Amino acid sequence: MLKLLKIEWMKIKNYNAFIILSSFFALGVITVNYIVFIVNKNMISQTQAANLMGKFSPYNFDKTWQTTSYAAGWLLLLPALLLIILLTNEFTYRTHRQNIIDGWSREQFIHIKIVLAVLTAVFSTVLVFITALTFGLSSGSSFSTEGISHIGYFFLKALSYNMIALLIGVLIRRTGFAIGVFFIYMGFENFISQLLDVWSIRLRSRQNIDLGSMGDYLPMNSADGMLTFPDNPLKGLAKGVMPTDYYWVVLGLTVAYLILFYWWSVNRVVKTDL
């Protein structure tokens, strides 16, 4: 496996798309959190919203892990797009055939791509951890690991996006088409998710049936549903009408979807023609 990883690294280390998208993601994680930090410090705290927000600070150590994970989660499209490009290029330039001719099995080919997806999620998570720690230290609050579980939720979200990207890549195999399908699917799922969330609210308010936020039970939105902005007075005002967040249900669905994406991707590569 280590030998295969070295081969993968040789393929991508000088690839412009890899350098550009990786750099944008790394800078984006820092920039988006800096923007949230500055807005909260210099704008919200000096407006009438401060009366409702009180002393809420999203980057104190009891909040920084959750805030940073939530903000960085919006950028996970970039590593997912990179994985689609890297995988579909293998089919476009037929390097996957050459790998198999050189002695790789089909299982080795797809598994090394899955390992790459996992490593990408790991490196993204490490970056978020370091960013959260840095902003927490800059807040002047006492160190705390309260809420650090959200770093783990971020990893699951990153891995979910990466595995969906790989699945679309092995199903479509053409870069432009695969990227288009990825965005179309994301938009379609978000639309259905919004409809399900509205239905969830109506069920609770009109029939007193609380099934949770059903929009979070869809593949991409299950990963999204684990990462929310920290609780604050403004958010608390909406809780009276919002469905209950069943985190364990959402977490279980996220893991189940990951297993499905893994099985589907491996089966697709193993059982289809080169």
Chain lengthening between V181 and I30 when straightened (0.36 nm per residue, less Cα-Cα)
51.5 nm
The simple spin-label model distance between F143 and K6, using points 7 Å out along Cα→Cβ, in nm, is 3.7 nm
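Between their Cα atoms, which of K63/K157; K41/K63; K3/K157; K41/K157; K13/K271; K113/K157 are more than 25 Å away from each other? Walk me through the numbers before you get to the answer.
On the way: K63/K157 19 Å; K41/K63 15 Å; K3/K157 28 Å; K41/K157 28 Å; K13/K271 30 Å; K113/K157 18 Å.
Violating the 25 Å limit, Cα to Cα: K3/K157; K41/K157; K13/K271.
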Apply the a/c threshold of 1.5 to the C-alpha gyration tensor of segment 113-231 and tell me whether it is rounded, prolate or oblate.
oblate
In the set [x] 0.96; [y] 1.02; [z] 0.98, which value of Rg/Rh (Cα atoms, Kirkwood Rh) was calculated from the structure you see?
[y]
Where in the chain are the DSSP H helices whose alpha-carbon span along the long axis reaches 24 Å or more and whose Kyte-Doolittle mean is at least 0.0?
16-42, 106-138, 149-172, 175-207, 247-271
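Expected output is a single nm value to one decimal: the length gained when fully extending between Q108 and R94, i.e. 0.36 nm times separation in residues minus the C-alpha distance. What is it?
On the way: separation 14, 0.36 × 14 = 5.04 nm, distance 1.60 nm.
Stretched fully, the Q108-R94 segment lengthens by 3.4 nm.
Each value in this text was obtained by applying a stated rule to the coordinates, not by laboratory testing. The model shown is predicted, which means the values in this text are computed figures rather than measured ones. Neighbour counts are summed over all protein chains in view; Cβ atoms, including those assigned to glycine, are modelled from backbone coordinates with ideal geometry.
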